[in-house]
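Participant: Take a look at the following structure, please.
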Amino acid sequence: VTDPGRVVANPLEELTLDQLRMRTSIKWTNYPPDVLPLWVAELDVRLAPPIAEALRATIECGDTGYPSGDGYAEAVRDFAAARWAWQVAPERSMVVPDVMSGIAAVLRLVTAPRDGVVLCSPVYPSFFRAVTDAGRRVVEAPLDAAGRLDLAAVATAMEVAAKTSERPALLLCSPQNPTGAVHTGAELAEIAGLARRHGVRVVVDEIHAPLVLPGAEFVPYLSVPGTDDAVAFYSASKSWNLAGIKAALLVAGPEAAELLDRLPEVVLHGASHLGVIAHVAAFRHGQPWLDALLAGLDRNRTLVADLLAEHLPRVSMARPEATYFGWLDCRGLGLGVDPAELFLERGRVALSGGPPFGSGGAGFARLNCATSAANLREAVRRIAVAVS
Ligand SMILES: Cc1ncc(COP(=O)(O)O)c(C=O)c1O
């Protein structure tokens, strides 16, 4: 693991199921051992060699104090320049403990109590709690039938939020978890225009941005004209499996820079030095590994589509453009709002049920495809047995 130069052909094929079952993280301990767990957003990979080496060196020299400096922002800046031809401004960036604590803090700053926050659902379930825990209201703008942004629904939701709020906001997931939609530059420009028109502050979670698959092009929201008052979040956590070694980066548009000084102390000083080191190593040195991962995920999305067509023709999946999720439309099976319950009970395979993702989630289940081809084959076989 600690050879930083080790070349990894396909990170998704390095570990056996027995090795994975030795893990103590939530993915592998939440269900009994006869369940194949393909739910929460963890990847079934070994740590990318440069990250493992950076952590090993840190521990060896006992460099485990508080984080310092602009290393994270500079690493994201260089990564964004290389992959998206766009520059993050380190002077308008701040390291935060993780994406969700950063989002929670920013929502409290940019909106007032009981204000409306627009969510384009189905979307990452924690978004709902981030809004309601802050004492704000969710205003849903459901995605269209293809799992893409419905700009008319966003316009309506923004109008409703604006009418009933002092300082409304939109919390956007870009790319979209769970549908894997990559929002286009034109869609984002339209969102920016609507936000300006309705006085809605946009907060964008771009945690899945490094996971854009061949054929789609990621556009950073802050690179779109008219987004100067927006705030975006980046992290290596989803792409390099660093949820256990957290750190994230908040990047403010020029008109949002004043927010940085107003973040709560616990958020400003909550990031872990080890986390920052791991994330910097990922963004700086983890691109070859990421490219190998993306090639594996590209193959997996085709594999899952083929497996569904062969064994579960009544389940459909829009081809994800990003992320490692398959958002399975199981409504044709007639299993009610949460098909994942039956898959678990009868098939002993754990997917994420659709309902917590909000409107549009009923009848769907999310399959985490960041695993080996053998595990995906077994998962589809188990689902097919469960519904047969
Ligand atoms: C869209 C999105 N945002 C945030 C997170 C969590 O990020 P963090 O652990 O940095 O809070 C996830 C995890 O799955 C996610 O999918």
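The values are calculated or read from the model by the stated rules, or taken from the named source; none is laboratory data. Note that the structure is a prediction, hence the values are computed from the model and not measured. Reconstructed Cβ throughout: ideal geometry from the backbone, glycine too, with neighbour counts over all protein chains shown. SASA here: full protein model, heavy atoms, side chains in, ligands and nucleic acids out. Shrake-Rupley method; radii C 1.70, N 1.55, O 1.52, S 1.80 Å.
Participant: Which of the residues belonging to segment 193-223 are open to solvent by less than 10 Å² (accessible area, probe 1.4 Å) and assigned to a loop (DSSP other than H, G, I, E, B)?
Facilitator: Once the filter is applied, which keeps residues that are open to solvent by less than 10 Å² (accessible area, probe 1.4 Å) and assigned to a loop (DSSP other than H, G, I, E, B), segment 193-223 yields Val200, Glu206, His208, Leu213, Pro220.
Residues checked against (1) more than 20 Å from Tyr324 (Cβ to Cβ); (2) in a helix (DSSP H, G or I); (3) open to solvent by 30 Å² or more (accessible area, probe 1.4 Å); (4) not hydrophobic (A, V, I, L, M, F, W, C):
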position: Lys27; (1), (2), (3), (4): no, yes, no, yes
position: Gly62; (1), (2), (3), (4): yes, no, yes, yes
position: Glu74; (1), (2), (3), (4): yes, yes, yes, yes
position: Ala82; (1), (2), (3), (4): yes, yes, yes, no
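Participant: Filter segment 224-238 down to the residues that are within 11 Å of the ligand (Cβ to nearest atom) and in a loop (DSSP other than H, G, I, E, B), then identify the one that is surrounded by the fewest Cβ atoms within 10 Å (Cβ to Cβ). Steps first, answer last, please.
Facilitator: Taking segment 224-238 as the starting set, the residues that turn out to be within 11 Å of the ligand (Cβ to nearest atom) are 233-238.
Filter once more, keeping what is in a loop (DSSP other than H, G, I, E, B): 235-238.
Values: Ser235: 30, Ala236: 31, Ser237: 24, Lys238: 21.
Only one residue tops the list, namely Lys238.
Participant: Please give the number of the condition Leu107 fails out of (1) in a helix (DSSP H, G or I); (2) open to solvent by 40 Å² or more (accessible area, probe 1.4 Å).
Facilitator: (2)
Participant: Can you give me the number of residues within segment 239-256 that are surrounded by 17 or more Cβ atoms within 10 Å (Cβ to Cβ) and not in a strand (DSSP E or B)? Reasoning before the result, please.
Facilitator: Restricting attention to segment 239-256, the residues satisfying the condition of being surrounded by 17 or more Cβ atoms within 10 Å (Cβ to Cβ) are 239-243, 245-253, 256.
Applying the additional criterion that residues be not in a strand (DSSP E or B) yields 239-243, 245-247, 253, 256.
The number of residues fulfilling the criteria is 10.
Participant: Scan segment 295-308 and report the pairs whose first residue is closer than 11 Å to Phe325 by Cβ and whose second residue is of a type in the set (Asp, Glu) and assigned to a helix (DSSP H, G or I), with Cβ atoms within less than 8 Å and a gap of 6+ or a chain change.
Facilitator: none
Participant: Checking Ala157 against (1) open to solvent by less than 50 Å² (accessible area, probe 1.4 Å); (2) within 13 Å of the ligand (Cβ to nearest atom), only one condition comes out false. Which one?
Facilitator: (2)
Participant: Hey, does segment 161-170 have a residue that's within 13 Å of the ligand (Cβ to nearest atom), in contact (Cβ under 8 Å) with a residue 12 or more places away in the chain and either under 15 Å from the mean Cα position of the chain (by Cα) or open to solvent by 10 Å² or more (accessible area, probe 1.4 Å) (or both)? Talk me through it step by step, then tell me what you get.
Facilitator: Let us first name the residues in segment 161-170 that are within 13 Å of the ligand (Cβ to nearest atom), namely none.
Scanning segment 161-170 turns up no residue that is within 13 Å of the ligand (Cβ to nearest atom), in contact (Cβ under 8 Å) with a residue 12 or more places away in the chain and either under 15 Å from the mean Cα position of the chain (by Cα) or open to solvent by 10 Å² or more (accessible area, probe 1.4 Å) (or both).
Participant: In addition: Given the condition open to solvent by 60 Å² or more (accessible area, probe 1.4 Å) and over 25 Å from the mean Cα position of the chain (by Cα), answer yes or no: does some residue in segment 36-48 qualify?
Facilitator: No - not one qualifying residue is present in segment 36-48.
Participant: Quick one: is Val349 touching a residue at least 12 places away in the same chain (Cβ under 8 Å), among the aliphatic types (A, V, I, L, M) and open to solvent by 10 Å² or more (accessible area, probe 1.4 Å)?
Facilitator: Working: touching a residue at least 12 places away in the same chain (Cβ under 8 Å): yes; among the aliphatic types (A, V, I, L, M): yes; open to solvent by 10 Å² or more (accessible area, probe 1.4 Å): no.
Spelling it out, it is not the case that Val349 is touching a residue at least 12 places away in the same chain (Cβ under 8 Å), among the aliphatic types (A, V, I, L, M) and open to solvent by 10 Å² or more (accessible area, probe 1.4 Å).
Participant: In a loop (DSSP other than H, G, I, E, B) and either modelled with pLDDT under 95 or open to solvent by less than 40 Å² (accessible area, probe 1.4 Å) (or both): is that true of Val123 in this structure? First the steps, then the outcome.
Facilitator: Numbers: in a loop (DSSP other than H, G, I, E, B): yes; either modelled with pLDDT under 95 or open to solvent by less than 40 Å² (accessible area, probe 1.4 Å) (or both): yes.
Spelling it out, Val123 is indeed in a loop (DSSP other than H, G, I, E, B) and either modelled with pLDDT under 95 or open to solvent by less than 40 Å² (accessible area, probe 1.4 Å) (or both).
Participant: Give the residue, chosen from Asp70, Asp78, that is in contact with a Phe, Trp or Tyr (Cβ under 8 Å, 6 or more places away or on another chain) and among the acidic types (Asp, Glu).
Facilitator: Numbers: Asp70 fails: in contact with a Phe, Trp or Tyr (Cβ under 8 Å, 6 or more places away or on another chain).
After applying the criteria, what remains is Asp78.
Participant: I need the full set of residues from segment 132-159 which are touching a strand residue (DSSP E or B) at 6+ places or on another chain (Cβ under 8 Å) and either of a type in the set (A, V, I, L, M, F, W, C) or at pLDDT below 95 (or both), in order please. Even if it seems obvious, please write down each step before you answer.
Facilitator: Quick first cut of segment 132-159, residues touching a strand residue (DSSP E or B) at 6+ places or on another chain (Cβ under 8 Å) only: 132, 136-141, 147, 154, 157-158.
Matches in segment 132-159: Val138, Val139, Ala141, Val154, Ala157, Met158.
Participant: Among (1) out of contact with any strand residue (DSSP E or B) (no Cβ under 8 Å at 6 or more places or on another chain); (2) under 20 Å from Phe283 (Cα atoms); (3) part of a loop (DSSP other than H, G, I, E, B), where does Glu42 come up short?
Facilitator: All conditions pass for Glu42, except number (1).
Participant: Here's another thing I want to ask about it. Being away from the ligand (no atom under 16 Å from the Cβ) and in contact with an Asp or Glu (Cβ under 9 Å, 6 or more places away or on another chain) narrows it down to one of His198, His269, so name that one. Let's see the steps before the verdict.
Facilitator: Values: His269 fails: in contact with an Asp or Glu (Cβ under 9 Å, 6 or more places away or on another chain).
After ruling out the rest, the residue left standing is His198.
Participant: Gly147 - would you say it is buried (at least 24 other Cβ atoms within 10 Å of the Cβ) and touching a Pro at 6+ places or on another chain (Cβ under 9 Å)? Spell out the reasoning first.
Facilitator: Numbers: buried (at least 24 other Cβ atoms within 10 Å of the Cβ): no; touching a Pro at 6+ places or on another chain (Cβ under 9 Å): yes.
Judged against the criteria, Gly147 is not a match.
Participant: Shifting gears a bit: Go through (1) within 16 Å of the ligand (Cβ to nearest atom); (2) surrounded by fewer than 20 Cβ atoms within 10 Å (Cβ to Cβ); (3) closer than 22 Å to Arg46 by Cα for Asn368 and report which single condition fails.
Facilitator: Going through the list (1) within 16 Å of the ligand (Cβ to nearest atom); (2) surrounded by fewer than 20 Cβ atoms within 10 Å (Cβ to Cβ); (3) closer than 22 Å to Arg46 by Cα, Asn368 breaks only (2).
Participant: Here's something else I'd like to know. Which ones in segment 239-249 are more than 9 Å from the ligand (Cβ to nearest atom) and either within 16 Å of Val88 (Cβ to Cβ) or in contact with a helix residue (DSSP H, G or I) (Cβ under 8 Å, 6 or more places away or on another chain) (or both)?
Facilitator: The initial filter retains those residues of segment 239-249 that are more than 9 Å from the ligand (Cβ to nearest atom), namely 239-241, 244-245, 249.
The answer is Ser239, Trp240, Ile245, Leu249.
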